[in-house]
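Working notes for the structure below.
The values are calculated or read from the model by the stated rules, or taken from the named source; none is laboratory data. Note that the coordinates shown come from a computational prediction; the quantities given were computed from them, not determined experimentally. Here the Cβ positions follow ideal geometry from the backbone for every residue, glycine too, while neighbour counts run over all protein chains shown.
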Amino acid sequence: MNDLALYTKQINAVLDYINAHLNEKLDIQLLAQQTNLSTYHFHRIFTATMGEPLAKYVMRRRLELAAIQLRNDARKSVTSIAFEHGFNSANVFCRNFKKHFGMPAETYRSMSQQENSKNRTLEHNISPQSRTYSRYFCRRKTLKIGDKCMNCNFEIKQLDAIHVVYCRHYGAYTNMQQSFEKLMRWAYPKGLVTTPDSHLAAIYHDNPNVTEEEKRISDACLIVKEPIKTDGEISAHTLPAGQYAIGRFEILWDEFQIAWECMFRLIDEHGCQCCGLPFEVYLNNSETHPEKKWLVDLCIPVTSK
């Protein structure tokens, strides 16, 4: 394995560790241990790979996840959100939030809620009895955002752990094709692509409403039956078992963003919030579809608010 591939694999492992422990204490010595590099070399390689030092990256990720919760959960206090996302005081959180987003956290929340109120045009009514997500199931849903109507099969259910191999992508989601191509060149000779359960998938680490395009991270994935050893730029990850909201859509490429908006509004309507990394699973090859549409499951790990 050359140095570039080795460093890529080491940084992937660190980013996965950060995602799983973002509300805990994260210092450079702890994370350098994940790579078997000295603190000095780890700091240099991380900064070169990510375009920002470790401390700045961790701070930004915490602030962005807090911003998502401010947008989606009006009932939780700013102080509670600050502590849940790894800050040891509300003052530290508020000071850094204003520096990053250019406005106080409460102002950001108020503006986001006004925006959501204007855009909320889902064409369905939900009874109070349906708000407990563990009891909710709806086979077919018709949704409308603006002048766009979409249909999906929607349910919230327990999923087993999902094992994937992935090639990580940095930047615009629309440019992930190169990462998928690298993944396929690695997976085909190993016979991983032709198995019945070998669907392609994409995992998203960021919310495009919050994270700048050039700083977004996503994973071009192949679902595998069990954990396997990887090498080079390819890494492995396991999506944890748990409750997931799943919407099955049949859509064109330019409708993916609207479909995701529908999903997040649906889980909000049913008293849920995202508690992990959303992902999509591709169930067909759009080139073989008569209308060039994708059959795709959009999946969001959820917990009750």
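Kindly establish whether ILE126 is within 22 Å of the chain's Cα centre (by Cα), aliphatic (A, V, I, L, M) and modelled with pLDDT under 95.
So ILE126 fails the test.
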Residue under question is VAL302, and the condition is that it be in contact (Cβ under 8 Å) with a residue 60 or more places away in the chain, touching an Asp or Glu at 6+ places or on another chain (Cβ under 6 Å) and at negative phi; does it hold? no
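So which residues in segment 98-120 are of a type in the set (A, V, I, L, M) and part of a loop (DSSP other than H, G, I, E, B), if there are any at all? I'd like the intermediate steps shown before the answer.
Taking segment 98-120 first, the residues of a type in the set (A, V, I, L, M) are 103, 105, 111.
The answer is MET103, and nothing else.
What do you reckon, is GLY232 in contact (Cβ under 8 Å) with a residue 12 or more places away in the chain and on the phi > 0 side of the Ramachandran plot?
yes
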Would you call ALA74 more than 23 Å from HIS237 (Cβ to Cβ) and among the small types (Gly, Ala, Ser)? yes
Among the candidates ARG61, ARG44, ARG95, ARG71, which residue alone is in the same structural domain as MET111 (by TED's automatic domain parsing), in contact (Cβ under 8 Å) with a residue 60 or more places away in the chain and either assigned to a helix (DSSP H, G or I) or of a type outside the set (A, V, I, L, M) (or both)? ARG71
From the options VAL78, VAL92, residue that is buried (at least 16 other Cβ atoms within 10 Å of the Cβ), more than 22 Å from the chain's Cα centre (by Cα), farther than 26 Å from CYS167 by Cα and of a type outside the set (Phe, Trp, Tyr): VAL78
List every residue pair whose Cβ atoms sit under 6 Å apart, with the two residues 6 or more apart in sequence or on different chains, where the first one lies in segment 244-271 and is touching a residue at least 40 places away in the same chain (Cβ under 8 Å) and the second, anywhere, is part of a helix (DSSP H, G or I) and of a type in the set (Phe, Trp, Tyr). HIS270/TYR133
Somewhere in segment 258-274, is a residue within 17 Å of the chain's Cα centre (by Cα), under 22 Å from TYR57 (Cβ atoms) and not assigned by TED's automatic domain parsing to the domain that holds SER112? yes
For segment 13-41, name all the residues that are under 25 Å from HIS100 (Cα atoms), in contact (Cβ under 8 Å) with a residue 24 or more places away in the chain and within 18 Å of the chain's Cα centre (by Cα). VAL14, LEU15, ASP16, ILE18, ASN19, LEU22, ASN23
